Each structure stands twice: as structure tokens, then as C-alpha cells.
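In what follows, a structure is listed as C-alpha cells, so that the remarks can point back to it.
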Amino acid sequence: MADNLRILAFDTSGNSCAAAVLEGDRILAAEQQLMERGQAERLVPMIETVLETAKLSHDQLDALAVTTGPGAFTGVRIGLATARGYGLALGLPQIGASSLEVLAAATTPAERRDRALLILIDAKRRDFFAQLFDENLIPMGNPFSASSETLVAQLPAMPLLITGSGCDQAEPALDRHPFDIRRSAAPSYCQAVILARLAATRYSTNNGKTQPAPLYLRSPDVTLPPKDPRKTEK
């Protein structure tokens with residue numbers, strides 16, 4: 001990690017809005033606000049606040065970091081669009097990390113020892129966005145979507161550590177898992193501080209030409225208008 005690398009990181013993929021500024025291995029500023037909606041109005045002022053607190057101007061930044069999902073469809077798009085706008089305006093590389101990776105990185109090695117780590121994000125409709133990692137944070141498979149009925153069948157036969165916004169909702173289903181399950185002390189929401197540190201480790205492999213892409217595990221919830229019976233196809 002470069003000693004003076006300066007990264008602005010932000011997240012709107014879940015039920016919060018967060019921004020942080022990292023310089024080398026030091027967090028210069030960070031702000032987080034739990035909120036179900038309204039991230040579009042809150043994010044840019046929050047970014048400007050953390051930059052002011054860090055005493056940095058826009059042209060002193062080296063890179064941007066943003067969560068790519070999965071999560072709330074609108075929230076993911078807000079974060080990516082903001083990263084795109086700042087990136088184009090400032091000529092900065094944009095580094096993406098999934099919300100699952102950010103949640104995983106917030107857990108501690110002691111918590112993960114001899115356990116598989118299961119990240120659970122509440123996807124509404126009694127569904128979850130999920131991913132499994134080993135105790136060294138190496139993915140044990142791709143991110144997936146699961147219902148309460150199908151979740152346990154996709155879990156390994158070993159003790160688990162769980163974290164994320166879907167943990168409470170998943171408890172009845174996880175009761176059917178025959179191995180010990182513990183819950184991490186880490187927050188259930190993505191932290192921009194953790195995202196910034198992940199991005200710093202990836203900076204050397206990002207040449208500024210890549211564009212973070214959204215990670216969707218299902219189609220957005222959209223209600224189509226009723227079909228007008230007076231209109232017929234020709």
C-alpha cells in the first residue's frame with residue numbers, strides 16, 4: 001500500500017449512506033448515517049463533508065472506491081453513478097468491491113477461525129443475497145440468491161460465522177443447520193472505512209481503465225402498469 005495513497009470511498013448499497021477518506025493506512029475522515037432511503041440527496045454532501053474534514057481538495061485524491069452490490073437496486077445505482085461522475089470529472093480510477101466482500105472484511109480472524117463465513121444481506125420478500133468465504137476470506141463460491149427454504153441446502157457441513165443485514169431473518173432457517181453458528185460482532189451494514197482499505201490493496205492492479213459494474217443477483221422489483229384492454233396488437 002502506498003504511503004500517501006488517497007482514496008475516497010462511499011457506499012449506498014444497503015440501509016445506510018457512508019463515506020470515508022483514506023491516506024496510506026490512516027483514515028482521515030469518515031461518516032455514516034443509517035437510512036432506508038434518501039441516499040441520493042445525502043451522498044454528495046457527505047462526500048464533501050469528509051473531504052473538508054480530511055482537509056483535502058478533489059485534485060488531491062488518487063482513486064475512488066464504491067460498492068457494486070448486491071443490495072438495494074436504487075442504492076447500488078446511486079453509488080455507481082456518483083463514482084462515475086466524480087471519476088470523469090476528476091480523471092480518477094474507480095475501484096469496485098462487492099458489498100459481500102466489504103461485510104466479510106469487517107469480521108476478525110479470531111471470529112473466523114475454523115469456520116466458514118456466511119454473508120447474508122436481506123433481499124426482501126424472505127430472500128437473501130449471500131456468499132461464503134473461508135477463514136482467510138477466500139470465496140468458497142460465487143455470490144448467490146437464496147430463499148429461507150433453500151438457504152440451508154447451500155451451506156457447507158461445518159461451523160459457521162454469520163454477518164449482514166439478513167441474519168435476523170435467516171435465524172429460523174439456520175436453526176435447521178446441524179453445525180454450530182455464531183454471529184459476528186461486526187456491523188451488519190457496509191462501512192466505507194473497510195471499503196477504502198480493500199480498495200487500497202487493489203489499487204496497484206487497477207489501471208484506471210476499468211469501470212465498476214453493478215452486481216445484481218436478481219431482477220429489480222418493478223410493477224408494470226396494467227395493460228390497456230382497448231389497445232390491441234396489430
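The values are calculated or read from the model by the stated rules, or taken from the named source; none is laboratory data. Keep in mind that what you see is a predicted model, and the values were worked out from it rather than measured. Neighbour counts run over all protein chains shown; Cβ positions are idealised from the backbone, glycine included. SASA here: full protein model, heavy atoms, side chains in, ligands and nucleic acids out. Shrake-Rupley method; radii C 1.70, N 1.55, O 1.52, S 1.80 Å.
Odds and ends about this structure:
- Count of region 155-170 residues, restricted to those that are free of Cβ contacts under 8 Å to residues at least 12 places away in the same chain and touching a strand residue (DSSP E or B) at 6+ places or on another chain (Cβ under 6 Å), is 0.
- Annotation note: of Ile78, Ile121, Ile95, the sole residue that is touching a Lys or Arg at 6+ places or on another chain (Cβ under 7 Å) and touching a residue at least 60 places away in the same chain (Cβ under 8 Å) is Ile95.
- For Leu103, the test of being open to solvent by less than 60 Å² (accessible area, probe 1.4 Å), over 24 Å from Leu22 (Cβ atoms) and not aromatic (Phe, Trp, Tyr) is failed.
- Residues of region 98-113 that turn out to be over 20 Å from Val193 (Cα atoms) and either among the hydroxyl-bearing types (Ser, Thr, Tyr) or within 11 Å of the chain's Cα centre (by Cα) (or both), as a count: 0
- In region 155-167, the condition of being modelled with pLDDT under 95, open to solvent by 10 Å² or more (accessible area, probe 1.4 Å) and either assigned to a loop (DSSP other than H, G, I, E, B) or not basic (Lys, Arg) (or both) is met by no residue.
- Qualifying positions in region 114-127 - more than 14 Å from the chain's Cα centre (by Cα) and part of a strand (DSSP E or B): Ala116, Leu117, Leu118, Asp127
- Being open to solvent by 50 Å² or more (accessible area, probe 1.4 Å), touching a residue at least 24 places away in the same chain (Cβ under 8 Å) and within 20 Å of Leu22 (Cβ to Cβ) is a property that Asp114 lacks.
- Of the set (1) touching a Ser or Thr at 6+ places or on another chain (Cβ under 6 Å); (2) exposed (fewer than 13 other Cβ atoms within 10 Å of the Cβ), all apply to Glu36 but (1).
- Taken together, the residues in region 141-153 that are surrounded by 13 or more Cβ atoms within 10 Å (Cβ to Cβ), under 21 Å from Tyr216 (Cα atoms) and free of Cβ contacts under 8 Å to residues at least 40 places away in the same chain amount to 4.
- Qualifying residue in region 185-199 (condition: of a type in the set (Lys, Arg), outside any loop (DSSP other than H, G, I, E, B) and open to solvent by 30 Å² or more (accessible area, probe 1.4 Å)): yes
- You will find that of Gly14, Gly75, Gly24, the residue that is open to solvent by less than 60 Å² (accessible area, probe 1.4 Å) and at positive phi is Gly24 and no other.
- Meets criteria (at pLDDT 95 or above, β-branched (Val, Ile, Thr) and closer than 17 Å to Gly166 by Cα) for Val66: no
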